[in-house]
1. If amide hydrogens are placed 1.01 Å from N in the peptide plane, which non-local residues have theirs closer than 5 Å to the one on B:G51?
2. Using helices alone, I'd like the mean residue ellipticity at 222 nm for chain B: each DSSP H run of four-plus residues gives -39500 (n - 2.57), total over residue count, nearest 500.
3. Springs between alpha-carbon pairs under 10 angstrom, Gaussian network model over chain B: which of B:D85, B:D120, B:D149 fluctuates most?
4. Find which of A:Y205, A:V185, A:A168 sits farthest along the positive direction of the dipole of the range A:164-228, computed with +1 on the beta-carbon of Lys and Arg, -1 on that of Asp and Glu, about the Cα centre.
5. Is the shape of the range A:35-116 best called rounded, prolate or oblate, per the rule: a/c under 1.5 gives rounded, else a/b larger than b/c gives prolate, else oblate, with a ≥ b ≥ c the square roots of the Cα gyration tensor eigenvalues?
6. Quick one: Karplus J couplings for the range B:229-234, per residue in order, coefficients 6.51, -1.76, 1.60, θ = phi - 60°, nearest Hz, x for Gly and Pro?
7. Mind running the shape call on the protein assembly as shown? Use the C-alpha gyration tensor, a ≥ b ≥ c as the square roots of the eigenvalues: rounded below 1.5 for a/c, prolate if a/b tops b/c, oblate otherwise.
8. Can you tell me how the range B:181-226 classifies by the Cα gyration tensor, rounded, prolate or oblate, using a/c under 1.5 as the rounded cut?
Amino acid sequence: MCTLEKRGRVLILTLTGSGEHRLGPGLISSLRSALATARSDPTVAALVTAGEGRFFSNGLDLAWAKNSSEGLSTLVRLVKPLIADLISLPMPTVAAVTGHAAAAGMMLAVAHDYVYMRGDRGVLYMSELDIGLPFPDYFMDLMQAKITDPRTLRDVTLRAKKITGTEAKERGIVDKVCQSASETVAEAVKMAEELAGRNWDKGVYASIRLSVYPKLCKSLEIPQESDEAVRKHFASRL
Amino acid sequence: MCTLEKRGRVLILTLTGSGEHRLGPGLISSLRSALATARSDPTVAALVTAGEGRFFSNGLDLAWAKNSSEGISTLVRLVKPLIADLISLPMPTVAAVTGHAAAAGMMLAVAHDYVYMRGDRGVLYMSELDIGLPFPDYFMDLMQAKITDPRTLRDVTLRAKKITGTEAKERGIVDKVCQSASETVAEAIKMAEELAGRNWDKGVYASIRLSVYPKLCKSLEIPQESDEAVRKHFASRL
């Protein structure tokens with residue numbers, strides 16, 4: 001479902017296979033495992049997430065949900081800690097959007113600190129309005145954190161717009177557009193290496209990220225650092 | 001440490017000397033005194049803040065903090081009311097960023113209503129991640145109030161990017177880029193004179209500023225105006 005490859009201080013997480021990489025219990029669990037590996041390896045200083053094939057991720061596994069008695073709400077519940085893992089990961093994260101990223105798949109992408117995307121094909125697409133679903137609260141908080149231009153936010157949420165890499169770059173949703181999937185991954189890895197080379201304290205990095213997105217952390221149920229924990233960061237600098 | 005010069009209805013506050021204008025107890029106190037003078041002089045209608053030498057301000061006086069038993073947290077505590085003084089000042093404020101503005105020094109600059117900056121040299125730089133410090137809450141609230149583009153906020157907080165005047169203008173952090181320190185000051189004064197000439201009610205100006213930044217005011221402990229005080233503003237117009 002996904003593989004991990006270490007390249008120096010960068011860990012590359014790839015959603016494997018030519019399918020849609022839909023988020024069902026199996027893939028969610030594999031991804032969380034991979035992120036736990038990244039978190040616990042002291043030699044890892046940055047993460048890149050990429051996909052094989054035409055899709056980065058096409059969202060929740062609706063087929064699984066149909067066959068399950070608890071359905072969609074279970075998947076929504078299971079994806080939340082996955083997003084929380086990314087938002088609390090103690091290192092810079094770079095998404096290499098190598099194909100379509102829709103709904104929960106788009107959330108997976110934009111939960112990364114940096115988003116690189118191919119411009120030759122593929123779209124970002126919040127499909128919920130088109131399929132008649134409202135957004136889970138943490139999806140909306142994530143979008144509000146990462147898309148602050150009101151017209152872009154409206155187009156994403158209230159227009160279900162399919163946004164190419166080029167448009168996404170123009171509108172401030174992605175950092176860089178590349179010419180192909182492989183170039184997107186290469187550039188993302190290069191950026192991750194550059195960020196890893198800054199030798200930041202990983203705990204401080206995570207602490208700062210949490211303070212940049214307080215509302216999102218609350219809805220992802222990521223505990224705010226205690227005053228004592230914050231004081232420790234200050235104390236260690238004296 | 002700082003001087004005040006009155007030019008018509010504009011008060012020019014200058015951080016003096018060729019040093020880094022680091023914020024220690026002495027300079028903080030002088031700046032607060034100067035702002036109190038501005039506040040209490042009915043003939044003053046706008047403020048310009050500038051620096052001499054290569055620095056606007058390079059941040060907290062870490063050397064002082066090292067030699068003090070209470071350290072950085074004391075300085076963080078002392079700078080808070082200084083920022084609050086600026087955010088509650090009953091007149092338009094223009095920062096003339098004549099040199100490097102880092103960490104608390106960048107906070108001092110962006111706490112002004114208008115930020116003019118030289119483009120030929122000098123950077124804005126939140127150094128905290130590079131030195132392994134998290135941000136005080138009111139620093140983060142000030143940045144969130146003044147930098148709403150998510151990628152710019154990320155570059156400032158989670159990438160510790162050194163941002164030139166030109167890039168700062170492109171990214172919406174400063175209003176105007178000038179060719180030199182003296183041109184920056186001259187243009188800032190010109191703007192301050194134009195704003196002073198609008199003859200705004202100073203109390204209403206401050207009231208509106210507080211209402212634009214409610215979260216920031218809360219973390220700076222600036223009391224919200226009472227309903228009665230707000231009613232008085234309305235009543236005086238009838």
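Bear in mind that the values in this text are calculations on the coordinates, not laboratory data. Remember, predicted model here, so these are calculated numbers, not experimental data. Using ideal geometry, Cβ is built from the backbone for each residue, glycine included, and neighbour counts are taken over all protein chains shown.
1. It is B:L15, B:T98, by chain and number.
2. -14000 deg cm²/dmol
3. B:D149
4. Highest projection toward the positive end goes to A:A168.
5. oblate
6. Using θ = phi - 60°, the values come out as 5, 5, 4, 4, 4, 5 Hz.
7. Prolate, since a/c reaches 1.5 and a/b exceeds b/c.
8. Oblate.
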